[in-house]
Amino acid sequence: HIRQLYALVSETLRYSPVLEKLLAGAALLQAEKKLPPQLAKVLVYDLLFGKGLKCGGRWKALARRHRARLEAELARLKVQQKVSRNEDLLAPVQAASPGASQVPRYIRVNTLKTCVDDVIDFFKRQGYSYLGTAANVEELRALSGKKFLLDLHLPELLVFPPQTDFHDNLLYTSGHIILQDKASCLPAFLLNPAAGSHVIDACAAPGNKTSHLAAILKNKGQIFAFDVDTKRLATMNTMLMRAGVTGFQLAQQDFLTVDPRDPKYSKVTYILLDPSCSGSGNVRGSIRPTRSRVWACGPQVMAALPAGMVNRLPREEAAPSAERLQALAGFQRKVLSHALSFPALQRLVYSTCSLHREENEDVVHAVLQEWGSAFRCAGLGGRRGDALQGSALTLVPRHRLVNAFPSWPCRGLAAFPRAECCLRASPADTLTHGFFVAVLERCEEGAAALSSLPAAAENPQHGEGTAPGTAPKKRKRKKQRVK
């Protein structure tokens, strides 16, 4: 029950300050000197806030011995803070921030196995009401009950009310749909590699973005995905196989040690780089495992961070220390610069789930200055076909920032000229996790920009050209049908 375990750990982290007060007030750690503090938090959370300790053995017996004292301390804490609900014990910054309860449930249709029309029909047969394509974010915000929409920006993304659970749904267990936040879909969508391309996913685990890249490539081409953890690679391999992904190579290797001049990567023209970060953009109830994301890129960043900083970042740590941000940003600059050194590279997407300028605009600006005029920062349009139209196809001077994707409401902070080409996402403005995306493209002098762009405009995706608020036009079903 990996999902249940992850939820238990995430909620324990969310309630960590409250649990520390309960442990101190009840003097539990003083009474049980062999009980590890972190385990104590998990036990107390499950005892008081969770499902009542379904574990067995001595830890369950230990926690129950102190149950009366812990419950009394919880009641005293509520009286002291003048609240009646457990949720109200959380810090004001947590309670005020748009949390997981307000962010819709996004599901990405896995076009390697099915198509959007068939998935819509499947949910209709399960009693859901399809409302067509969303016209704006407010329509997503208003979703309730068993109603769902096609997203207004991403053509293979369906949107359901918050907390809708599909983990036991046939489409999920069979790999026909991927549970993935909308903001997390942006990097692969904006990288938009042409079918047949060679692509690197530099910090790949757990694999959602890798599977998205494969769907865009239509399983035609080659994906090189890197992670240094054997168990994470095994889990990722299982996920990719379930999703029907072929043409990929998983490498147990630190991306910083990959040689850009290796003939194996001589045809790599696209790189997706989503390195470890502070995780400050994650909404409450969905905490990103910072340690594992660090290891996905490699141990070099582990050595760069101060002791203890590579553990999971709880939601309540809204403002990580300057020392932590400096260490992370230094690593992010290093890995971004390394990625840009691949000789055939034409386009790179850099993304984080951080809200901090130090990890986002400042990193992009520093690396662009380092590389001079070889690359520019580019924004791509809303629907994938739109991304290939307009100013992005014109002749441009070296190192020009292209302002595209104008329908996206959140832009980069004004940290350097034309930083608004970068994209940001937030629970309040886009109803997603907090996210940052920048698209970098090589500019050859005297050559047309984006000369190697895929022909997505000639092959429009589902929903392109559909009037907002109406159901997309049916297309011929070529994928296997889910009954």
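The values are calculated or read from the model by the stated rules, or taken from the named source; none is laboratory data. Computed from a prediction, not measured in an experiment: that's the story for all the values here. Please note: Cβ atoms are built from the backbone with ideal geometry, for glycine as well, and neighbour counts cover all protein chains shown. Quick note on the areas: whole protein, heavy atoms, side chains included, nothing else; ligands and nucleic acids left out. Shrake-Rupley method; radii C 1.70, N 1.55, O 1.52, S 1.80 Å.
Protection proxy ranking of 137-148, 29-40, by the mean of other Cβ atoms within 10 Å over each peptide's residues and highest first, is 137-148, 29-40. With a sphere of radius 12 Å drawn around the Cβ of residue 69, what net charge do the other residues whose Cβ falls strictly inside it have (Lys, Arg +1; Asp, Glu -1)? Computed value for this residue: +1.
Taking each of 21/78; 34/60; 124/146; 231/264 in turn, the alpha-carbon distance tops 18 angstrom for 231/264. For the stretch 101-179, the spherically averaged projection of the C-alpha convex hull amounts to 4.7 nm². Only protein atoms count toward the accessible area here, which uses a 1.4 Å probe; on the stretch 101-179, the carbon and sulfur part of that area reaches 47 percent.
Considering only 68, 4, 80, and ranking their Cα positions along the charge dipole of the stretch 1-89 that arises from unit charges at the beta-carbon of Lys, Arg, Asp and Glu, the one farthest toward the positive end is 68. Taking the square roots of 5 times each eigenvalue of the Cα gyration tensor of the stretch 166-241, largest first, gives ellipsoid semi-axes of 19, 16, 12 Å.
The H on the amide N of residue 223, modeled in the peptide plane, is under 5 Å from the matching H of 199, 248, 249, each at least 5 residues off or on a different chain.
If only the Cβ of Lys and Arg carry +1 and only the Cβ of Asp and Glu carry -1, the dipole of the stretch 152-248 around its Cα centre is close to 240 debye. Nonpolar atom fraction for the stretch 1-89, defined as the carbon and sulfur part of the 1.4 Å probe accessible area, stands at 56 percent. Report the local net charge at residue 255: Lys and Arg +1, Asp and Glu -1, summed over other residues whose C-beta lies under 12 Å from its C-beta. Once all neighbours under 12 Å are counted, the net charge is -4.
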